[in-house]
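Quick notes on the structure that follows.
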Amino acid sequence: MSSRNEGLRERLGSYKAYVSKVTIKGLDRTKDDYVHNVLKECFDISNVRDLVEKVKEVRETLLSIGAFKDVRAKIDVTPGTKYGYVVDFNCTEQRRIKGNVSTEMNQYEMVSKAEILLPNLQGRGESLSFEYAYSNSNNSRRNIGFNVKLQKPFLHRSVIGKYRPTTFLHLFNNTSKSYSNSYTNHTAGGTINLVFNSSHYLQHTLQYELSFRELAGINRQVPLFVRHHFGPRLASIVRYIMKYDDRTDRVFPRTGTMLWTTLESSIFRKLGDIHYMSITSHMERNLPLFWNMSLQMTARGGFIRELSPEKPVPINSLFTMGGPYSLRGFEFGGVGPQIEGHSTGTHMFWATGLHLWTPLPYSSYFYKFARFFRTHAFINCGNVDSSLDTMRSAMGIGLAVALGQFARIELNFTRPIHIQKGDQAAKDVQFCLGLDFI
């Protein structure tokens, strides 16, 4: 089937074509100039294959700019021409107000959300949303939050529109509980964000956060070293986030690369009680093999440093290591220094992983249902300092189940290979749900 499709694409690529006219219908509240830069991409073609692919790409862009609920595209020949084509888009705008209840996956946990959205307020993709979010992850954390988000895209600007810049103001009031370290973290504040794309796969985010943070104990049995971090603090943080992703699939990719990096610093020292700078990166590379197998290489690392000796980094901003998201074969936060069974947190960490992904045995008997299952053999290693002598490692095998395109469930049998005194090794079987793993 794939060879037949490739042959069709080659034949379509041999037919010359140009676009003589593009029309769009269904614009009521939406301004013409907001979609102009998107529609003019249809003219950048030279053959029928490019035309079909470009129209599909423009349709997906129109659906993503926050103005339309449905977009239908039609390609027709231009009368009286040999290679000319006309492209028509028929759009259905979103309602002025809509509600949504959903479940999505962030990096480590599944989040349930109830949202009220006012889309396309002024006709150029502006939106105002009110959101309540709840999560109870399997790494001993619980989060409850209320968020207000005001968003403004700038697709209509002729010079910068090709970068799809978007600005938004995000106000939040969140409470999270860490049962493994026996503290509650209440955070209230806001962020100002600028998001833009420098290429189809590369996205940049510039962010400034001003927030009030307060740590408190969950119960009376909180170790003294955790209590030292209790109390209110004012955070003034500048953050840069870069993400590159050209993978063929988010959950079970066979090819492609994903890389994200977060840099943050409290550069305004006179404003705020939290003074540190940190960098965290994650990389994933996938290589296809024979028999529908694939090889996956992952790496993650982070470093944080105080900018003021009299103001140490709060425990909730330090790194913890252990668990299926960072190092399989160990409990959550079970790698590194421990006091009274509580992780003290670390100022750096690194971890790598190597996975061999294979289809489900006898997958031909399960037909299309088998694509939701994969098996893998893996080896992980990492540490909370730069030493290789005290490196931790584990290996194992497991079964993974895809939940749509937003998460996967893993059931792994793991066995630690290198373990240090004080580490908390996990039981033989680990169960987890997430998206970005090592």
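Values computed for the structure shown
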{"quantity": "Residue-averaged 222 nm ellipticity for the chain, from DSSP H runs of 4+ at -39500 (n - 2.57), nearest 500", "calculated": "-3000 deg cm²/dmol"}
{"quantity": "Amide H contacts of residue 345 (H built 1.01 Å from N, under 5 Å, at least 5 apart or other chain)", "calculated": "none"}
{"quantity": "Alpha-carbon centroids, segment 196-237 and segment 11-53: separation in whole Å", "calculated": "45 Å"}
{"quantity": "Candidate lysines for bridging to residue 149, where Cα separation is under 24 Å - those fewer than 8 sequence places away on the same chain excluded", "calculated": "31, 69, 98, 113, 162, 177, 243"}
{"quantity": "10 Å Cβ shell holding at most 14 others, DSSP loop, GluC sites (Glu not before Pro): longest site-free stretch of the chain", "calculated": "1-309"}
{"quantity": "Heavy-atom SASA rank of 270, 56 (probe 1.4 Å, accessible area, largest first)", "calculated": "270, 56"}
{"quantity": "Loop-resident sites, segment 401-438, for trypsin sites (Lys or Arg not before Pro), counting at most 12 other Cβ within 10 Å (DSSP)", "calculated": "421, 427"}
{"quantity": "Nearest 10 degrees, 0 to 90: helix 48-64 Cα axis against the chain principal axis", "calculated": "50 degrees"}
{"quantity": "Volume in Å³ per residue [convex hull over Cα atoms, computed for the chain]", "calculated": "169 Å³"}
{"quantity": "Integer Hz, Karplus 6.51/-1.76/1.60 couplings in order for segment 278-290, x for Gly and Pro", "calculated": "8, 9, 9, 9, 9, 9, 9, 10, 10, 10, x, 10, 6"}
{"quantity": "Per residue value of the accessible surface for the chain (all protein chains in place, 1.4 Å probe), Å²", "calculated": "53 Å²"}
{"quantity": "Electrostatic dipole magnitude of segment 298-370 [Cβ: Lys, Arg +1; Asp, Glu -1; Cα centre; debye, to 20]", "calculated": "360 debye"}
{"quantity": "With DNA, RNA and ligands ignored, accessible area of residue 372 (1.4 Å probe; Å², nearest 10)", "calculated": "70 Å²"}
{"quantity": "For segment 360-414 versus segment 287-305, the gap between their alpha-carbon centres in whole angstrom", "calculated": "11 Å"}
{"quantity": "Farthest positive-ward along the chain dipole, Cα basis, beta-carbon charges - from 313, 338, 87", "calculated": "87"}
{"quantity": "By accessible area with a 1.4 Å probe, ligands and nucleic acids excluded, highest first: order of 248, 175", "calculated": "248, 175"}
{"quantity": "Chymotrypsin sites (Phe, Trp or Tyr not before Pro) within segment 34-83: DSSP coil, no more than 16 neighbouring Cβ in 10 Å", "calculated": "83"}
{"quantity": "Compactness of segment 273-377, expressed as Rg and Dmax over alpha-carbon positions, Å", "calculated": "19.3, 64"}
{"quantity": "Estimated vicinal HN-Hα couplings, Hz - segment 16-27 in sequence order (Karplus 6.51, -1.76, 1.60; Gly, Pro = x)", "calculated": "5, 6, 8, 9, 8, 7, 10, 10, 9, 10, x, 7"}
{"quantity": "Share antiparallel - DSSP beta bridges, the chain, percent rounded to 5", "calculated": "95 percent"}
{"quantity": "Electrostatic dipole magnitude of the chain [Cβ: Lys, Arg +1; Asp, Glu -1; Cα centre; debye, to 20]", "calculated": "820 debye"}
{"quantity": "Gaussian network model of the chain, springs between alpha carbon atoms under 10 Å - residue of 354, 27, 388 with greatest fluctuation", "calculated": "388"}
{"quantity": "³J(HN,Hα) computed for each position of segment 297-307 - Karplus, 6.51 cos²θ - 1.76 cosθ + 1.60, integer Hz, glycine/proline x", "calculated": "10, 10, 7, 8, x, x, 8, 9, 9, 6, 9"}
{"quantity": "Ranked order, 375, 320, 191 - accessible area, probe 1.4 Å, largest first", "calculated": "320, 375, 191"}
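The values are calculated or read from the model by the stated rules, or taken from the named source; none is laboratory data. Please read these numbers as outputs of a predicted model, since none were measured by experiment. Cβ: placed from backbone, ideal geometry, glycine included. Neighbour counts: every protein chain shown. In case anyone asks, the SASA skips ligands and DNA or RNA and just uses the protein heavy atoms, side chains included. Shrake-Rupley method; radii C 1.70, N 1.55, O 1.52, S 1.80 Å.
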